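Participant: Can you read through this structure? Questions will come right after.
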Amino acid sequence: MSGLGKKIRLNKQLVELGLSASRRKADEAIEHGLVLVNGELAGLGDMVDLADRIVLNGKSGKSRGNITIVLNKPPGYVCSHTAQGSEKTIFRLLPKNFSSLKIAGRLDKDSQGLLLLSSDGDLVQKLSHPSAGKSKEYIVNLKTSFNSPDKKKLLAGVSLNDGISRFESLKILSQTRLRVVLQEGKNRQIRRCFESLGYLVIKLERTRLGSIELGTLAQGKFEFVQLDSSGDKK
């Protein structure tokens, strides 16, 4: 393959770009004809350089100094860098070279949806801290029907053991399905707010963080995203 600079093996570069979890899986993708280099079908053992455009199954990676990704977290995974007993961490879903990425706005084990990770610590701080004013949007499914008078209580603020918690907005989508927006990020905050009024949350999905939306990203998959210095999507 053509290009300028130091040559490295294609399977290694696929891992470095975050397109493959391992060199073995990279070789399997190459063997199945899923990898293109500069628009040409790649072969096992090919050598490439940083100037080459590499695409796996229609998806290109990033080799920039700072990497930021959006992950659609499935329920059952914990937002932690270290395994806790038999629990699965979100990093099982990502390439090994993403294991040091910092998490902006964690989700509890039972929750799902948009999770943002970055190698840029300053960016993570801006996105995570309430002072940044980044709204977070969630779809909430309840076990029982929601009483519309409780909407005023949640918007005015309910008392939790760590202070008053209030939603920025709440829209009733159906008897048991709601869309809520808030700026705070206390531990299990949404679940505890509803529990304080006698409701049980059976499904909680984050669909937006600031200007970043989950969109059609499949559960368990990730994609690269470019943000400006304030944490907004470019």
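Participant: Just one of (1) 31, 19, 17; (2) 40, 17, 15; (3) 36, 22, 16 is semi-axes √(5λ) of the Cα gyration tensor in Å as worked out from the coordinates here. Which one is it?
Facilitator: Recomputing semi-axes √(5λ) of the Cα gyration tensor in Å here gives the entry labelled (2).
Participant: Enumerate the aspartates and glutamates that K12 could reach by cross-link, defined here as Cα to Cα under 14 Å, with residues fewer than 8 away along the same chain left out.
Facilitator: Those aspartates and glutamates meeting the cut-off are D27, E28, D46, D49, D52.
Participant: Would you pull out the residues with amide H under 5 Å of V78's amide H, same chain only if 5 or more places away, H placed 1.01 Å from N?
Facilitator: Placed amide hydrogens put K88, T89, I90 under 5 Å from V78.
Participant: Let me ask something else. What list do you get for L107, L93, L36 if you sort them by fewest beta carbons within 10 Å?
Facilitator: On the way: L107 23, L93 19, L36 16.
Least to most surrounded, the residues fall as L36, L93, L107.
Participant: Among the trypsin sites (Lys or Arg not before Pro) within the stretch 21-74, which fall in a DSSP loop and have no more than 14 other Cβ atoms within 10 Å of their own Cβ? Each step should come with its number before you reach the end.
Facilitator: Values: sites: R23, R24, K25, R53, K59, K62, R64; in loops: R53, K62, R64.
Answer by residue number: R53, R64.
Participant: Just to check I understand the Karplus step: with θ = phi - 60° and J = 6.51 cos²θ - 1.76 cosθ + 1.60, what whole-Hz values come out for the stretch 49-56, glycine and proline as x?
Facilitator: 10, 5, 7, 6, 8, 10, 10, 10
Participant: D for the stretch 135-209, whole µm²/s, Stokes-Einstein with Kirkwood Rh over alpha-carbon pairs at 37 °C and 0.692 mPa s: what number?
Facilitator: Working: Rh = 12.1 Å.
Answer, rounded: 271 µm²/s.
Participant: Right, something else. What list of ³J(HN,Hα) values in whole Hz, one per residue of the stretch 90-104 in order, does the Karplus curve 6.51 cos²θ - 1.76 cosθ + 1.60 (θ = phi - 60°) give from phi, with Gly and Pro shown as x?
Facilitator: 3J(HN,Hα) across the stretch 90-104, in whole Hz: 4, 6, 5, 8, 10, x, 4, 6, 9, 5, 9, 5, 8, 9, 9.
Read-outs: derived from the displayed coordinates by stated rules, not from any lab. Since we're looking at a predicted model, the values are computed, not measured. Ideal geometry is used to build each Cβ from the backbone, glycine not excepted, and the neighbour counts take in all protein chains shown.
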